[in-house]
Amino acid sequence: MGTIRESDLPGIGKKYQLEANSGSKIVVVIHNDGRRELYHFLDEDPDECISQVSLDDEESRQIASIIGGMQYKPKALDTVQVTLDELVIEWCKIEPHFKSINKTIEELHVRARTGATILAIVEKGKQKINPGPQDRIMLGMTLVVAGERKQIKQLNDLLLEG
C-alpha cells in the first residue's frame, strides 16, 4: 500500500499526499467550505503538477463512492476490506444459499447480535446509504458493513445462517 501523509492547512483545511506503489503522487486538499482539489504529479518529477481538478462536496462524495467500490466492484475482488485501526469496512454479496434472504435488518437483530453496522445496500442500478430496520436482505444485493473484525465475522455468519 502507498504512503499517505496528512497535514493541517491553517485557515484552509487539510492536505493529504498519497505516494502510490506505482510511483504516482496525488495531493488532495479539503477546504473548510467542503471544496476538494486533487493534484496529480509527474512520476519522474514529483514537484511538477500535470493536472488539477476542483470538486464540490457532493461531487467529491460521488467520486469517493466510485473509487471505494460502491458503484461497481471488480469481479476479481471477492472481498474488499479497508482497515482503519480496529474498524473494518467490508463488502458482502448476498448469495442464494444465505438464510437471511427476505428478512429485514430488524428481524435479524443485526446490531444487537453482532455489533456491526450495515452502512449501505447496493443493488444493480441503485444504492441506499444508511438502510433502516425495515430494509430487507435480498438475493444478489451487496451490503457495505462496518465493525471490528470479530463483529464482521459474526455478521457474515448471521447472514449465512439467518
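The values are calculated or read from the model by the stated rules, or taken from the named source; none is laboratory data. Note that the coordinates shown come from a computational prediction; the quantities given were computed from them, not determined experimentally. Positions of Cβ are generated from backbone atoms using ideal geometry, with glycine treated the same way; all protein chains shown enter the neighbour counts. Please note that ligands, DNA and RNA were not included when accessible areas were found on the heavy atoms of the full protein model with its side chains. Shrake-Rupley method; radii C 1.70, N 1.55, O 1.52, S 1.80 Å.
Points worth noting:
- Relative protection proxy for 145-158, 121-134, from highest mean packing down: 145-158, 121-134 (other beta-carbon atoms within 10 angstrom).
- Compared with the dominant principal axis of the Cα atoms in the chain, helix 149-161 is inclined by about 40°.
- Cα-based reach from LYS14 at 23 Å (exclusive), listing lysines while leaving out same-chain residues under 8 positions away: LYS25
- A simple spin-label model places the labels of LYS128 and ALA112 2.0 nm from each other, with each point 7 Å out along Cα-to-Cβ.
- Inter-part distance where the range 100-140 and the range 1-22 are each reduced to a Cα centre, Å: 34
- Accessible surface of the chain [probe 1.4 Å, protein heavy atoms]: carbon and sulfur percent: 53
- Estimated FRET transfer efficiency when R0 is 41 angstrom, pair LEU38-LEU139 (beta carbons, to 0.05): 0.65
- Accessible surface, 1.4 Å probe, highest first, among residues THR117, THR3: THR3, THR117
- Per-peptide packing, taken as the mean over residues of other Cβ atoms within 10 Å, places 49-57, 103-111 in the sequence 103-111, 49-57 from highest down.
- Over the Cα atoms of the chain, the radius of gyration divided by the Kirkwood radius equals 1.05; this is the Rg/Rh ratio.
- Seen against the Cα atoms of the chain and their longest principal axis, helix 57-67 is set at about 70 degrees.
- Sequence of GLU95, GLU58, GLU44 from largest to smallest accessible area, 1.4 Å probe: GLU44, GLU58, GLU95
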